[in-house]
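Encoded as structure tokens, the structure appears first; notes follow it.
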Amino acid sequence: MNPAPDLSINTDLARRILTGFICSEITRMGFSRAVINLSGGIDSALSCFLTAEALGPENVLAIRLPYRTSSPESLEHAQMVIEATGVRSLTVEITPMVDPLIERFPEMDALRKGNIMARARMIVLYDQSAAFQGLAVGTGNKTEILLGYTTLYGDSACAINPLGDLYKTQVRQLARAVGVPAVIIEKPPSADLWVGQTDEGELGYTYAEVDRLLYLMVDERYTPEECIEAGFAPGFVRAVVERVRRNQFKRVLPPVAKLSHRTIGYDFLYLRDWGT
Amino acid sequence: MKLTVALAQINTVLGNLQRNLEKHLSLIQEAHARGADLVVFPELSLTGYVLQDLTPAVACKPRADDPVFQPLLAASQKLDVVVSFVEEDVRNRFYISAAYLSRGQALHVHRKVYLPTYGLFDEGRFFAWGDTVQAFDTPYGRVGMLICEDFWHASPPYLLWLDGADVFLFMSASPGRGLSDRPELASARWVNHILRAYASLYTSFVVHTNRVGFEDGLNFWGSAAAFDPNGDLLGEGPAFEEALTLVELDLNQLHRTRSRLPLLRDERTALVQRELNRILSDRSRNSGR
């Protein structure tokens, strides 16, 4: 057993498949344009680079959605992506949308506030999707989807997701290959929902560590015991296994209670691409 | 004798027979204009792959009174044509089938015998399995057809070989998977390994066509290929893009290779049959030991 699996990818091949996917899955729905929420982080930067390459930068609208506590650096980094890709851009401050609700509940904790911000950004994204006539391209990677490190109906909302089968480590490799500015790739990942927040601080482990574990568990079908034998700490393995299980609800449509012979989600089975 | 095969690696419109038929007719015309004797389309070329509940709605019958097959049979007057489709039998079972059309006739229909129902695949839920593996005669010699998972198993190509096939026509709608640091996906690498292996082991021609395009998140990797009886690559199509790739098979190569390497002559078929009977006579184990 290999305690340090190699997650490296052929970036030319990944780039070719993902740009092909974006182009195919947007145009076959009758669209030629896309909208993306650009946070200033690596995931949305990579999505923006790939979508600009797939559709042409003039067909991509990148939206910056700062809250009053957002780091100014995030805005600057998003601007670097806009300039490097040549996509269209729009900035919509979410503070006036968000603060009245937050003020209504003085006891509100940071998690609730963060979820409200993520969902406010989703509202703007989908409104701009209609206004710009472009489909929403997602930015969630495999690591955060598996860990459920995402806001349901917030940052996870999108029409297509090109990055969802790449671990964070692989997102970094591909981002480097497509030309995402180094400062964005190298900074500590953060949802930027409150000052000083970092993903790795909140999760309690680094992406490099958890990606290797997830890769063995999910891609290579190792049992938790085999992961421990491969050198991962038992407590870490148990915590990650439990976190993946507990967040399954974020990865499926809400279950419909079956009553009829044919029920959506069970035996009414068509791809989204039905007829196209 | 030489046989020029056109490998048609196409994208399809999921569940739209008419649009796919139009693409077939246009490529058959192009293959003819470029001098092909035979054009081979990929698995479920007339319908698209992940059909699920669309399956009954796109079923055809490979007969002249079928509105999809009528123009295809007419087109086969000019050159031989292999297409793949959903076949509905007289008892209303649905199969993933491939038809070899020549001079207005369907010379042979192969029904996929291995339906992958694991991982991302769910064919066994929607389709009946075929129950025969047979070679058949064509104007270019004896041919055998298999569809995707059929040739992931070692036995169907072996049966075709013993049944006289010198040219194997394999069709896939193979979803690309297994990204690593290598320059091709694991699925593409695996298939090309076994294609070369079959050509070498059976000292025969192996021709493979594969879908391109996307269905939801699935990509199809294309790279149609043909190998000669020495296991050498004769030609291949591009990855991920639609293409019509022409490859010339020099059928006299069978004579030369088998003179050098008489694997077919020396195959101990009676021994295989005897040992298979012994192994499978133990009814408690239906896959052998």
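A few notes on this one:
- Count of region A:12-49 residues which are within 14 Å of another protein chain (Cβ to nearest Cβ), crowded, with 17+ Cβ neighbours inside 10 Å and either touching a Leu at 6+ places or on another chain (Cβ under 8 Å) or over 27 Å from A:Ala191 (Cα atoms) (or both): 13
- Some residue of region A:158-177 being at positive phi and either surrounded by fewer than 20 Cβ atoms within 10 Å (Cβ to Cβ) or more than 14 Å from chain B (Cβ to nearest Cβ) (or both): no
- So A:Leu38, is it closer than 18 Å to A:Asn141 by Cα, under 17 Å from the mean Cα position of the chain (by Cα) and at pLDDT 95 or above: yes
- Those helices (runs of 4 or more DSSP H) of region A:172-255 in which at least 3 residues are modelled with pLDDT of 95 or more, considering only elements entirely within it, cover A:182-186, A:207-214, A:224-229, A:234-246.
- Taking each residue of region A:11-26 that is farther than 15 Å from A:Leu46 by Cα and looking for partners that are part of a helix (DSSP H, G or I) and of a type outside the set (Val, Ile, Thr) with beta-carbon atoms closer than 7 Å, six or more apart or interchain, yields A:Cys23/A:Ala54; A:Cys23/A:Leu55; A:Ile26/A:Leu55.
- Residue list for region B:159-200, filter: assigned to a loop (DSSP other than H, G, I, E, B), within 30 Å of A:Leu166 (Cβ to Cβ) and under 14 Å from the mean Cα position of the chain (by Cα): B:Ala173, B:Ser174
- Checked against the criteria, A:Ala4 does not count as surrounded by 22 or more Cβ atoms within 10 Å (Cβ to Cβ) and either away from every other protein chain (no Cβ under 14 Å) or not hydroxyl-bearing (Ser, Thr, Tyr) (or both).
- Search result, residues across region A:53-84 that are under 19 Å from the mean Cα position of the chain (by Cα) and farther than 20 Å from A:Val124 by Cβ: A:Glu53, A:Ala54
- B:Leu249 under 26 Å from the mean Cα position of the chain (by Cα) and part of a strand (DSSP E or B): yes
- Residue within region A:221-242 that is within 13 Å of chain B (Cβ to nearest Cβ) and either touching a residue at least 40 places away in the same chain (Cβ under 8 Å) or not polar (S, T, N, Q) (or both) present: yes
- Matching entry among B:His193, B:His208 (being over 30 Å from A:Trp274 (Cβ atoms), out of contact with any Asp or Glu (no Cβ under 8 Å at 6 or more places or on another chain) and modelled with pLDDT of 95 or more): B:His193
- Residue count for region A:243-262, restricted to those that are within 14 Å of chain B (Cβ to nearest Cβ), loosely packed, with under 13 Cβ neighbours inside 10 Å and farther than 30 Å from B:Leu46 by Cβ: 0.
- If the condition is being of a type in the set (A, V, I, L, M) and either within 14 Å of chain A (Cβ to nearest Cβ) or touching a strand residue (DSSP E or B) at 6+ places or on another chain (Cβ under 7 Å) (or both), then region B:48-79 contributes B:Val50, B:Leu51, B:Leu54, B:Ala57, B:Val58, B:Ala59, B:Val68, B:Leu72, B:Leu73, B:Ala75, B:Leu79.
- Taken as a whole, the condition of being exposed (fewer than 15 other Cβ atoms within 10 Å of the Cβ), of a type in the set (A, V, I, L, M, F, W, C) and within 22 Å of B:Glu215 (Cβ to Cβ) applies to B:Ala57.
- A:Pro72 vs. criteria of a type outside the set (Ser, Thr, Tyr), more than 22 Å from A:Asp219 (Cβ to Cβ) and free of Cβ contacts under 8 Å to residues at least 12 places away in the same chain: yes
- Any hit, region B:88-104, residues being part of a loop (DSSP other than H, G, I, E, B) and touching a Gly at 6+ places or on another chain (Cβ under 9 Å): no
- Summed over region B:170-188, the residues that are in contact with a Gly (Cβ under 7 Å, 6 or more places away or on another chain) and in contact (Cβ under 8 Å) with a residue 40 or more places away in the chain give a count of 1.
- Some residue of region B:40-50 being among the small types (Gly, Ala, Ser) and on the phi < 0 side of the Ramachandran plot: yes
- Members of region B:130-155 found to be assigned to a helix (DSSP H, G or I), surrounded by fewer than 23 Cβ atoms within 10 Å (Cβ to Cβ) and not aromatic (Phe, Trp, Tyr), listed by number: B:Glu149, B:Ser155
- Some residue of region B:233-251 being farther than 30 Å from B:Val50 by Cβ, of a type in the set (Asp, Glu) and out of contact with any strand residue (DSSP E or B) (no Cβ under 6 Å at 6 or more places or on another chain): no
The values are calculated or read from the model by the stated rules, or taken from the named source; none is laboratory data. All of these numbers come straight from a predicted model, not from anything done at the bench. Cβ atoms come from the backbone with ideal geometry, glycine included; neighbour counts cover every protein chain shown.
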